[in-house]
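Enquirer: Sharing a structure below in structure tokens format, with a few things to ask.
The values are calculated or read from the model by the stated rules, or taken from the named source; none is laboratory data. Being a predicted model, the structure only gives us computed values, none of them experimental. Please note: Cβ atoms are built from the backbone with ideal geometry, for glycine as well, and neighbour counts cover all protein chains shown.
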Amino acid sequence: MFIQRFEEITILTNGVQLILLTDAIEKFLKSSDIENGILNVSILHTSASLIIQENADLDVQKDLINFYSKLVPMKNNFYIHSTEGEDDMPAHIKSSLTNTNLTLSVKDYKVQLGTWQGIFLFEHRLASQKRKVFLHLLGEV
Amino acid sequence: MFIQRFEEITILTNGVQLILLTDAIEKFLKSSDIENGILNVSILHTSASLIIQENADLDVQKDLINFYSKLVPMKNNFYIHSTEGEDDMPAHIKSSLTNTNLTLSVKDYKVQLGTWQGIFLFEHRLASQKRKVFLHLLGEV
Amino acid sequence: MFIQRFEEITILTNGVQLILLTDAIEKFLKSSDIENGILNVSILHTSASLIIQENADLDVQKDLINFYSKLVPMKNNFYIHSTEGEDDMPAHIKSSLTNTNLTLSVKDYKVQLGTWQGIFLFEHRLASQKRKVFLHLLGEV
């Protein structure tokens with residue numbers, strides 16, 4: 001029988017960082033009783049985003065943050081949208097370069113990820129934020 | 001009961017720009033009778049793309065367009081693929097940096113978007129184009 | 001009747017390149033008997049990725065590879081994560097700029113792609129790799 005399950009989780013962020021969501025997502029899967037299905041993960045903001053990246057070496061996270069900070073610098077006098085702070089427009093751009101939504105496969109009660117893959121929230125703002133992430137699983141019990 | 005609904009919409013574009021699709025997508029949802037489901041949005045082209053971005057300040061759109069134009073300049077003598085015009089290869093690259101498909105959650109007859117999120121077609125070509133966007137909703141009535 | 005089908009395919013890569021997956025995906029669709037549904041494609045790695053791009057002119061692929069190689073150079077003394085080779089951290093970054101998952105629509109037994117669209121695996125490592133791609137189709141027979 002096909003069913004649907006939903007959950008909105010709130011993540012507190014503390015500056016530019018990657019926060020692992022895999023555990024929260026696996027907990028949601030477990031509570032859903034769904035064996036096989038499609039999982040949609042949506043971040044409801046435009047200045048933070050989602051990525052799947054290496055979960056082992058923390059240096060990968062530092063290098064990712066550093067790369068995006070250089071590619072989309074805060075100090076940049078071509079931005080017109082600057083009223084919300086010098087970190088806001090770069091945050092929108094970094095969000096557009098990564099993902100607002102991720103869709104994943106669930107098989108045998110497990111989200112299909114490679115050994116080294118983790119699901120991360122990528123915070124792009126400097127100040128602390130409350131981020132809402134919507135989880136939606138459609139599948140068979 | 002689970003059902004599926006489909007619609008192909010055509011968008012006329014007029015140079016490099018962002019065009020809001022949220023209203024057309026909400027109209028499709030309303031016509032579908034589906035209460036909860038997974039919505040897939042696909043653009044059937046490789047020189048225009050889809051993004052979810054801030055829908056409030058139009059300056060954000062200008063800065064996004066400007067950023068991508070600087071990151072992927074039209075004048076660039078390393079492009080080999082140039083027969084379709086100097087804007088074509090940059091358009092392919094910008095498309096690869098953003099999205100061809102977006103998958104969204106529908107709950108209580110509403111697409112789950114944050115307050116400031118809009119769904120946009122991102123046109124990367126200079127000349128006017130007819131763009132086809134395929135909408136597919138799978139869910140429960 | 002709604003059903004689900006799964007398949008894991010293995011792709012051998014040979015250096016930085018784009019490899020067309022469309023045929024393998026269409027073969028999977030044909031074997032599934034599903035007429036209409038949602039297709040999720042996931043690459044189970046963080047140093048190779050997925051993109052939908054032009055399938056006609058091979059020069060587009062060369063220009064894409066060249067663009068990403070210049071945007072994310074291998075020689076770059078700011079990378080901290082360097083123990084797995086100078087191509088590893090750039091591979092993670094290129095992966096984050098493109099896609100780990102693609103979700104596509106299947107209608108009338110066909111994946112909805114534009115005339116010029118192909119689904120590609122984008123290999124970012126220099127050495128030969130075995131890449132696992134997970135296919136998941138949920139739909140109606």
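Enquirer: With the requirement that a residue be surrounded by fewer than 22 Cβ atoms within 10 Å (Cβ to Cβ), in contact with a Leu (Cβ under 6 Å, 6 or more places away or on another chain) and part of a helix (DSSP H, G or I), what does the range C:43-79 give you?
Expert: none
Enquirer: Here's a follow-up. Would you confirm whether or not the range B:101-114 contains a residue that is modelled with pLDDT under 95, more than 9 Å from every other protein chain (Cβ to nearest Cβ) and either in contact with a Pro (Cβ under 7 Å, 6 or more places away or on another chain) or in a loop (DSSP other than H, G, I, E, B) (or both)?
Expert: No, the range B:101-114 contains no residue that is modelled with pLDDT under 95, more than 9 Å from every other protein chain (Cβ to nearest Cβ) and either in contact with a Pro (Cβ under 7 Å, 6 or more places away or on another chain) or in a loop (DSSP other than H, G, I, E, B) (or both).
Enquirer: If you scan the range B:7-42, which residues turn out to be among the β-branched types (V, I, T) and surrounded by 15 or more Cβ atoms within 10 Å (Cβ to Cβ)?
Expert: Those that are among the β-branched types (V, I, T) and surrounded by 15 or more Cβ atoms within 10 Å (Cβ to Cβ): B:I9, B:I11, B:T13, B:V16, B:I19, B:T22, B:I25, B:I34, B:I38, B:V41.
Enquirer: How many residues are part of a strand (DSSP E or B), acidic (D, E) and closer than 15 Å to C:L104 by Cβ when one looks only at the range C:1-24?
Expert: So the count comes out to 1.
Enquirer: Right, something else. Give just the number: which of (1) touching an Asp or Glu at 6+ places or on another chain (Cβ under 8 Å); (2) surrounded by fewer than 24 Cβ atoms within 10 Å (Cβ to Cβ); (3) not in a loop (DSSP other than H, G, I, E, B) does C:L126 not satisfy?
Expert: Just one mismatch for C:L126, condition (3).
Enquirer: Can you spot a residue in the range A:51-70 that is touching a His at 6+ places or on another chain (Cβ under 9 Å), facing chain B (nearest Cβ under 8 Å) and in contact (Cβ under 8 Å) with a residue 24 or more places away in the chain?
Expert: no
Enquirer: Testing C:D33 on (1) on the phi > 0 side of the Ramachandran plot; (2) charged (D, E, K, R); (3) within 10 Å of another protein chain (Cβ to nearest Cβ), one condition comes back false. Which one is that?
Expert: Against the list (1) on the phi > 0 side of the Ramachandran plot; (2) charged (D, E, K, R); (3) within 10 Å of another protein chain (Cβ to nearest Cβ), C:D33 comes up short only on (3).
Enquirer: Using the structure shown, decide if C:K27 is assigned to a loop (DSSP other than H, G, I, E, B), farther than 23 Å from A:F122 by Cβ and either at pLDDT below 95 or of a type in the set (K, R) (or both).
Expert: No.
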